[in-house]
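I have placed the structure first, in the form of structure tokens, so that the comments after it can refer back to it.
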There are 2 protein chains.
Amino acid sequence: MKEISKLMNYRKDVRVVDATLRDGGLVNDFYFTDEFVKALYFTNIRAGVDYMEFGYKASSEMFDETKFGKWKFCKDEDIRAIVGDNDSDLKIAVMADVGRCDYKKDIVDRNESPVDLIRVATYLNTIPSAVDMIEYASKKGYEVSCNIMAISNTQERDLEVALDILGQTPVDVFYIVDSYGALYPEQVARIVDIYKNAAEKYGKKIGMHAHNNQQLAFANTIEAVGDGVDWLDGTYAGMGRGAGNCAMELLLGFLRNPKYNVYPVFQFVDKYMMKLKEEGTVWGYDLQYLITGLLNQHPRTAIQFTKEGRKDYFEFYREVVTQD
Amino acid sequence: MKEISKLMNYRKDVRVVDATLRDGGLVNDFYFTDEFVKALYFTNIRAGVDYMEFGYKASSEMFDETKFGKWKFCKDEDIRAIVGDNDSDLKIAVMADVGRCDYKKDIVDRNESPVDLIRVATYLNTIPSAVDMIEYASKKGYEVSCNIMAISNTQERDLEVALDILGQTPVDVFYIVDSYGALYPEQVARIVDIYKNAAEKYGKKIGMHAHNNQQLAFANTIEAVGDGVDWLDGTYAGMGRGAGNCAMELLLGFLRNPKYNVYPVFQFVDKYMMKLKEEGTVWGYDLQYLITGLLNQHPRTAIQFTKEGRKDYFEFYREVVTQD
């Protein structure tokens with residue numbers, strides 16, 4: 001039984017992070033209009049969302065700036081053009097991928113930047129590089145999270161070692177990232193237990209970023225809340241890579257904290273997200289994502305299937321299970 | 001923590017019920033082609049599904065037979081035309097609604113019928129009539145379940161009394177029916193506890209029928225499995241009233257019992273369910289169903305919104321929250 005009394009009465013430490021531009025940007029190569037981004041920003045403020053992630057701090061040497069929208073690079077001046085001095089309670093986040101970010105060049109002192117939180121994304125095998133980035137960003141004055149991707153493929157003892165290393169850094173939040181949408185709530189509970197041991201030892205918070213391959217992004221997120229996870233990622237209409245994420249409208253509908261307000265969220269989804277869908281941007285639960293999730297695989301084959309407009313789901317299943 | 005070791009190793013008592021024709025029939029007024037129904041029947045056999053629900057035993061005095069497909073009435077001869085002597089391990093179920101079924105006329109002796117299981121559907125305020133039907137069907141030789149609808153609106157003490165009454169009947173299975181798709185997994189766990197007290201006292205099994213208004217039909221079903229519920233309803237591609245049900249392809253992907261096989265399920269979804277969608281049959285999670293689920297309301301207003309092809313979700317939200 002989860003901490004339902006605490007849920008009914010809400011936990012003050014819960015933080016909601018809107019990852020629409022960042023994870024959703026993986027669907028449309030980060031081509032959002034300024035009108036969309038501004039409306040999203042003001043919606044987040046009205047909805048009481050705690051952090052808005054604008055995108056990636058990607059290396060402009062590794063990625064061609066003419067082939068992506070600006071939120072793949074999240075230059076400070078582009079964020080400023082949306083938020084001005086950000087005179088609000090909403091904090092600004094960006095993601096920095098280990099190995100794909102020129103952080104020493106692109107991440108300046110926090111007091112010169114509109115950004116509050118750097119989310120360092122890493123696989124388990126690049127933890128030492130993540131540690132470098134965490135220490136750098138923390139020294140520059142930022143809040144820092146470490147988002148461990150593909151968590152469903154990690155061995156628990158490796159994860160314990162990684163969290164022990166990260167615990168000794170100035171990172172603020174350990175994130176669980178179910179990149180493959182492969183976890184069931186029971187497994188989330190087990191992983192949270194592992195995170196909790198390290199988080200309590202080192203005085204860190206825990207976060208959850210879920211994917212919807214098996215229609216469990218929301219369920220896994222609220223499982224995590226019940227287990228003691230405070231930082232929760234959502235995206236409007238669940239927009240995100242492949243099967244997408246935990247929908248903000250579901251998450252804020254669930255949370256009892258009176259500072260959250262689902263009303264402007266419905267308004268934004270109606271006006272902006274449905275339009276994206278009508279214009280042909282495709283994301284969300286579908287059979288090909290269930291298949292890769294079930295098999296605990298990276299969704300790239302399913303994404304390719306979607307891009308090609310294929311509908312032969314059964315043939316796809318055969319391809320996936322018969323490949324070596 | 002759920003009984004994950006038991007899940008990994010499966011419980012022999014788990015029974016999967018395919019409710020596609022019955023709950024899905026609410027979407028298309030039960031107009032399925034014979035080809036569809038036959039293919040579904042053989043798919044269920046290949047997939048190891050335990051029961052296939054063909055539809056309702058609705059009163060032909062209350063409902064006009066020219067306005068619905070035959071699976072609203074489930075005459076024995078129509079079932080026989082599909083299954084012959086049903087020389088398989090798949091059992092046949094029909095649903096009988098309290099107050100909408102001429103059961104004394106339409107339910108004959110089991111040895112004259114292809115049907116194995118009568119599912120008596122009732123609200124909490126019609127339990128005495130449900131008891132009459134249960135006793136009648138049991139005397140005729142059928143297995144019987146009692147499906148208590150709109151469970152999210154019941155008071156727990158009333159539910160305890162109802163289960164105590166039902167416990168004294170020959171009913172085999174107490175079903176939890178989340179008609180409004182309003183429950184969170186934590187609440188499912190609490191309700192299962194109440195059911196379990198009565199089920200253990202009277203030697204009954206427990207079943208779960210979930211709706212997907214908040215993308216939790218699958219999550220609530222596997223929560224229930226972990227809590228000790230044995231009878232699990234699914235529908236292909238989640239087809240069912242409004243936001244639909246727990247998808248069979250998700251459920252069989254999750255269950256570890258080697259008798260279940262998800263392969264033919266993908267095949268059927270690919271070939272038949274996608275076609276239904278392409279032909280314009282509409283079901284599944286959408287914002288209007290989230291809204292009624294969140295507010296713990298019957299989905300009828302959301303279904304009407306869908307039927308009218310409305311897309312003004314935000315106006316719908318205003319209508320729903322401002323109505324008396």
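Before moving on, here are some points about what is shown:
- Rg of the Cα atoms in the protein assembly as shown, relative to 2.2 N^0.38 Å, amounts to 0.99.
- Taken along its three principal axes, the alpha carbon spread of the range A:202-309 comes to 43, 37, 20 Å, from the longest extent down to the shortest.
- Local electrostatic count, B:LYS311, Cβ distance below 15 Å [Lys/Arg +1, Asp/Glu -1]: -2
- Cα shape, the range B:81-125, gyration tensor, a/c 1.5 rule: prolate
- The range A:92-220: relative contact order as a whole-number percent, Cα under 8 Å and 6+ apart: 21
- With R₀ set to 51 Å, the beta-carbon distance separating A:GLN168 from A:THR66 gives a calculated FRET efficiency near 0.80.
- Partner shielding of B:311-318 amounts to 5, given as the average count of beta-carbon atoms from other chains within 10 Å of each residue beta-carbon.
- Label spacing, shortest first and in nm, from B:ASN111 to its equivalents in the remaining copies (7 angstrom along Cα→Cβ): 9.2
- The dipole here belongs to the range A:129-172: it is taken about the Cα centre, uses +1 on the Cβ of Lys and Arg and -1 on the Cβ of Asp and Glu, and is about 160 debye.
- Closest Cβ on chain B to the rotation axis that carries it onto A (distance rounded to whole Å): B:ALA219, 2
- Normalising the average separation of contacting C-alpha pairs (under 8 angstrom, six or more residues apart) by the number of residues puts the relative contact order of chain B at 18 percent.
- Table column - 3J(HN,Hα) (Hz), the range A:104-118, Karplus curve with 6.51, -1.76, 1.60, x for Gly and Pro: 5, 8, 8, 9, 9, 4, 4, 6, 9, 10, x, 7, 9, 10, 9
- Cα gyration tensor, chain A - rounded (a/c under 1.5), prolate or oblate: rounded
- Legend: P(r) of the range B:1-157 from all alpha carbon pair distances, 10 Å bins from 0, whole percents, reading 10, 37, 35, 15, 3, 0.
- Cα shape, the range A:1-85, gyration tensor, a/c 1.5 rule: prolate
- Inter-site label distance for B:SER129 and B:GLU156 at 7 Å from Cα along Cβ, in nm: 2.9
- Using a 7 Å Cα-to-Cβ projection, A:ASP132 label spacings across copies, nm, ascending: 7.9
- Linear extension gain, B:ASP85 paired with B:LYS307, 0.36 nm per residue minus alpha-carbon span: 76.1 nm
- Residues of the range B:296-320 with amide N under 17 Å of a point placed 7 Å along Cα→Cβ from A:LYS275: B:311-315
- Protection proxy ranking of A:188-201, A:59-72 - average other beta-carbon atoms within 10 Å, highest first: A:188-201, A:59-72
- Rg/Rh, computed from the Cα trace of the range A:82-171 with Rh as the Kirkwood radius, has the value 1.02.
- A simple charge model with +1 on the Cβ of Lys and Arg, -1 on the Cβ of Asp and Glu and nothing else charged puts the dipole of the protein assembly as shown at about 280 debye relative to its Cα centre.
- Packing, taken as the mean count of other beta carbons within 10 Å per residue, orders the peptides B:208-215, A:270-277, A:176-183, B:262-269 from highest to lowest as B:208-215, A:176-183, B:262-269, A:270-277.
- Rounded Å value of the spacing that divides the Cα centres of the range A:45-68 and the range B:1-80: 47
- Other-copy label distances relative to A:LYS259, 7 angstrom Cα-Cβ extension, nm: 5.2
- A dipole drawn for the protein assembly as shown from +1 and -1 charges on Cβ atoms has a positive end, and of B:ALA130, B:ASN245, A:THR235 the residue lying farthest that way is B:ALA130.
- Each Lys and Arg contributes +1 and each Asp and Glu -1, all at the Cβ; summed about the Cα centre of the range B:7-132, the dipole is approximately 360 debye.
- Local electrostatic count, A:MET133, Cβ distance below 13 Å [Lys/Arg +1, Asp/Glu -1]: +2
- Only helical runs count toward this figure. For chain A, summing -39,500 (n - 2.57) over DSSP H runs of n ≥ 4 and dividing by all residues gives -12000 deg cm²/dmol at 222 nm.
- Cα centroid separation - the range B:241-300 against the range A:294-324, whole Å: 20
- Averaged over the residues of peptide B:225-231, the number of Cβ atoms from other protein chains lying within 10 Å of each residue's Cβ is 1.
- Each of A:ASP102 and A:LYS75 was given a label point 7 Å from its Cα along the Cα-to-Cβ line. The distance between the two points is 1.2 nm.
Just so you know, all these numbers are worked out from the coordinates, no wet-lab data involved. Predicted model, so just to flag it, every value in this text is computed and none were measured. Quick reminder, even Gly has a Cβ in these numbers, built from the backbone with ideal geometry, and neighbours come from all protein chains shown.
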